[in-house]
Amino acid sequence: MLKTISPIDNKVYVEREYHSDKIEETLNNSVNAQISWGLMSVKERVELLDKFVEDFLSKKEIIAEELCRQIGRPISQVAGELSGFKERADYMLSIAENKLADIDVTKDSNFKNFIRRKPLGVVFVIAPWNYPYLTAVNSIIPAMAAGNTVILKHSAQTPLCAEQLYKSAQKTLPKDVFNYLHLNHQDGLKIVSDSRVNFVSFTGSVKAGYEVQKATHTKFIDMALELGGKDPAYVRHDADLEKSVENLVDGSFFNSGQSCCGIERIYVDKKIYNKFLELFINKTYEYKLGNPLNKDTNLGPVVKLSAAKFIEGQMNLAVKQGAKMMIDKLKFNYPKEHKNYMTPQVLTEVNHEMNFMMEETFGPCVGIMPVANDGEGIDLMNDSPYGLTASIWTKDLEAAEKLGNEINTGTLFMNRCDYLDPGLSWTGVKETGKGCSLSEIAYEHLTKPKSFHLRKELK
C-alpha cells in the first residue's frame with residue numbers, strides 16, 4: 001500500500017494500491033497505442049496536446065491545494081509551478097512542427113533524399129516530488145509531441161499529480177497515449193529494463209540514477225538522468241548588491257531549499273562580503289515559516305521528518321568543524337511540535353573540507369564564503385562532483401560570459417538563478433547526470449533518424 005504522509009501535520013493524506021498487477025497490461029497498451037499515435041501528423045498531435053494542457057490547467061484550485069498538502073509548499077507559491085508548466089508545454093509544442101520536420105538533403109533532381117525523425121516508441125518517465133509538474137512536463141509533452149506514448153511513475157509523495165495528468169489525458173488524448181502507474185522501487189526498475197520501453201527519463205538521486213542506468217544494460221536505449229546538485233553562485237565586486245541578495249535569498253530558500261537548482265553555496269568577493277552577509281541575514285528574517293495552507297506563509301516544512309534529520313545532521317557536523325550559524329531560530333514563530341518545520345539558516349566560516357559544502361543538502365540552508373578574486377571563485381564553483389546550474393552576479397556581461405565558459409555546469413546564469421527558459425536545454429554534467437530535456441535539442445533525444453534515399457529513375 002502506498003501511503004503519502006503530508007508534511008503539514010505528518011499524517012496520512014493519500015493511500016493507494018500499488019499497480020504491480022497492471023504493469024504488463026499497461027506496457028502492451030502503450031506499445032499498441034503508439035502505432036497510430038506515431039502515424040499522426042505532428043500538427044494533429046500538437047492540437048490534441050494543447051487541449052490536454054488546457055484541461056489540466058482548468059483545475060488550478062484543486063491542484064494547488066493537493067500539491068500544498070502533498071509536499072508542504074506554501075499555497076501562495078503553487079501558482080508559479082502551474083504557470084511554469086504552461087510556459088514549458090506551450091513552448092515545446094510551438095516548435096514541434098518545425099523541429100520534427102523532415103531534413104531535406106537532396107542535391108540531384110533525380111533523387112529525393114531526406115532524414116525523417118521517427119518516434120522512439122514507449123517513454124517511461126520517473127518524476128520526483130519536489131517540482132512534480134514542472135519536472136514531468138519537461139519530458140511528457142515533448143515525448144508525446146514527437147509521437148511516443150508515455151508511462152509516468154510519480155513519487156510516492158505525489159501520487160495525485162500523476163492522477164490529475166491522467167484525468168486530463170483521458171478527456172483529450174487517444175486511449176493509452178498517456179498512462180501512469182503507482183509503483184514501488186523494484187517494479188519501477190522492472191519497467192526500465194523491459195524491452196518494450198525505448199527511452200527513460202529519470203529525476204532523482206545519484207544512487208538511484210546509477211540503478212536506473214544499470215537496469216538498461218541488456219538493451220540499447222538512451223536516457224535522460226537529472227540527479228544530484230550543489231549549485232553555486234559567485235557574487236563579483238561589481239554586483240548590484242541589494243538585488244543580488246534578494247534573488248539569492250529566494251534561490252536558497254524557495255520551496256524550503258528543496259529545488260534541484262536551488263542555491264546551496266555562495267562565494268562573495270571579499271571586498272563586499274561583510275555588506276552582502278548583513279543584507280542576506282536581514283532578508284532571511286523576513287521569511288514567515290508556518291502552515292503552508294496559510295496565504296501569508298512563504299516558507300513551509302521540509303517534505304519528511306527523515307529529511308529534516310539529515311539536514312540538521314549535516315549542519316551540526318559543519319558547526320563542529322568550525323562553521324557558524326548566523327540565524328537565530330527563536331526569532332521565528334512556527335509549529336515546533338513538528339520537527340520538519342525548519343527555520344532558514346546561513347552558515348559562515350565554511351570550507352570545502354566540510355560535507356555541508358560538497359554534498360547535496362536539499363534544505364533551507366546555505367553556506368557563504370568570501371573569495372579573493374574571480375579565479376578563486378571559479379575554482380571553488382568547479383570543486384564539486386555536481387554540475388546542474390551555476391550563477392554569476394555582476395554588471396559586466398563580457399566578464400560573466402568569459403567566466404561562465406570556465407564553469408563546468410549544464411546551465412550558466414547571470415543575475416538570476418530561479419528560472420528555466422524552455423528554449424534552453426536542461427542538462428547536467430558530472431554526477432548530475434546526462435541527456436537533455438527542453439529546447440529543440442530535446443526532440444533529438446526523443447526521436448531516431450531514418451534516412452530516405454529515393455532515386456526516381458534508373459540510368
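For residue 39, are the conditions met, namely being under 29 Å from residue 425 (Cα atoms) and either without any contact (Cβ under 8 Å) to a residue 40 or more places away in the chain or of a type in the set (A, V, I, L, M) (or both)?
yes
Residue 268 is checked against (1) farther than 20 Å from residue 404 by Cβ; (2) at pLDDT 95 or above; (3) outside any helix (DSSP H, G or I); (4) of a type outside the set (D, E, K, R) and fails just one. What number does that condition carry?
(1)
When the residues of the range 438-459 are narrowed to those that are basic (Lys, Arg) and not in a strand (DSSP E or B), which ends up modelled with the lowest pLDDT?
The selected residue is 459.
Quick check on my filter: what residues within the range 104-155 are hydrophobic (A, V, I, L, M, F, W, C) and closer than 19 Å to residue 67 by Cβ?
Quick first cut of the range 104-155, residues hydrophobic (A, V, I, L, M, F, W, C) only: 105, 111, 114-115, 120, 122-127, 129, 134, 136-137, 140-141, 143-146, 150-152.
Once the filter is applied, which keeps residues that are hydrophobic (A, V, I, L, M, F, W, C) and closer than 19 Å to residue 67 by Cβ, the range 104-155 yields 125, 126, 127, 129, 134, 136, 137, 140, 141, 152.
Here is a list: 199, 220. Which entry is buried (at least 24 other Cβ atoms within 10 Å of the Cβ) and either under 30 Å from residue 147 (Cα atoms) or in contact with a Ser or Thr (Cβ under 7 Å, 6 or more places away or on another chain) (or both)?
The conditions single out 199.
Among the residues of the range 407-437, which ones are part of a strand (DSSP E or B) and in contact (Cβ under 8 Å) with a residue 24 or more places away in the chain?
411, 413, 426, 429, 430, 433, 434, 437, listed by residue number.
Here is a check on your reading of the model: is residue 65 among the acidic types (Asp, Glu), in a helix (DSSP H, G or I) and within 21 Å of residue 180 (Cβ to Cβ)?
So residue 65 fits the description; yes.
Only one of 51, 22, 43 is of a type in the set (Lys, Arg) and either out of contact with any helix residue (DSSP H, G or I) (no Cβ under 7 Å at 6 or more places or on another chain) or part of a loop (DSSP other than H, G, I, E, B) (or both); which?
22
Could you check how many residues of the range 29-77 are under 30 Å from residue 292 (Cα atoms) and charged (D, E, K, R)?
9
Output the qualifying pairs, or none if there are none: Cβ atoms under 7 angstrom, residues six or more apart or on different chains, first residue in the range 325-341 and exposed (fewer than 14 other Cβ atoms within 10 Å of the Cβ), second residue of a type in the set (S, T, N, Q) and outside any helix (DSSP H, G or I).
As it stands, the answer is 329/343, since those pairs meet every condition given.
How many residues does the range 24-47 contain that are among the aliphatic types (A, V, I, L, M) and either buried (at least 18 other Cβ atoms within 10 Å of the Cβ) or outside the structural domain of residue 122 (by TED's automatic domain parsing) (or both)?
So the count comes out to 4.
Given the conditions (1) more than 18 Å from residue 89 (Cα to Cα); (2) in contact with a helix residue (DSSP H, G or I) (Cβ under 8 Å, 6 or more places away or on another chain); (3) outside the structural domain of residue 241 (by TED's automatic domain parsing), report the number of the one that residue 390 does not fulfil.
(3)
So which of 317, 305, 289 ends up being under 24 Å from residue 360 (Cβ atoms) and crowded, with 20+ Cβ neighbours inside 10 Å?
Exactly one residue qualifies, and that residue is 289.
What is the one condition in (1) touching a helix residue (DSSP H, G or I) at 6+ places or on another chain (Cβ under 7 Å); (2) part of a helix (DSSP H, G or I) that residue 8 does not satisfy?
Against the list (1) touching a helix residue (DSSP H, G or I) at 6+ places or on another chain (Cβ under 7 Å); (2) part of a helix (DSSP H, G or I), residue 8 comes up short only on (2).
Anything in the range 216-265 that is under 30 Å from residue 119 (Cα atoms), aliphatic (A, V, I, L, M) and not in a strand (DSSP E or B)? List them, or say none.
221, 227, listed by residue number.
Condition check: farther than 14 Å from residue 163 by Cα and surrounded by fewer than 23 Cβ atoms within 10 Å (Cβ to Cβ). Does residue 66 satisfy that? If you could, list the steps in order and put the result at the bottom.
On the way: farther than 14 Å from residue 163 by Cα: no; surrounded by fewer than 23 Cβ atoms within 10 Å (Cβ to Cβ): yes.
Answer is no for this residue.
Count, please, the residues in the range 274-286 that happen to be surrounded by fewer than 19 Cβ atoms within 10 Å (Cβ to Cβ) and among the hydroxyl-bearing types (Ser, Thr, Tyr).
Summing the residues that are surrounded by fewer than 19 Cβ atoms within 10 Å (Cβ to Cβ) and among the hydroxyl-bearing types (Ser, Thr, Tyr) in the range 274-286 gives 1.
Report whether or not residue 126 is under 19 Å from residue 222 (Cα atoms), under 23 Å from the mean Cα position of the chain (by Cα) and free of Cβ contacts under 8 Å to residues at least 40 places away in the same chain. Can you show your working first?
Numbers: under 19 Å from residue 222 (Cα atoms): yes; under 23 Å from the mean Cα position of the chain (by Cα): yes; free of Cβ contacts under 8 Å to residues at least 40 places away in the same chain: no.
For residue 126, the condition - under 19 Å from residue 222 (Cα atoms), under 23 Å from the mean Cα position of the chain (by Cα) and free of Cβ contacts under 8 Å to residues at least 40 places away in the same chain - is not met.
Per-residue answers, yes or no, for (1) closer than 21 Å to residue 227 by Cα; (2) surrounded by fewer than 15 Cβ atoms within 10 Å (Cβ to Cβ); (3) hydrophobic (A, V, I, L, M, F, W, C):
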{"residue": "388", "(1), (2), (3)": "yes, no, yes"}
{"residue": "400", "(1), (2), (3)": "no, no, yes"}
{"residue": "434", "(1), (2), (3)": "yes, no, no"}
{"residue": "438", "(1), (2), (3)": "yes, no, yes"}
{"residue": "447", "(1), (2), (3)": "no, no, no"}
{"residue": "459", "(1), (2), (3)": "no, yes, no"}
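The values are calculated or read from the model by the stated rules, or taken from the named source; none is laboratory data. This structure is a prediction, so every number in the text was calculated from the model and none was measured. Here the Cβ is made from the backbone with ideal geometry for all residues, glycine too, and neighbour counts use every protein chain on show.
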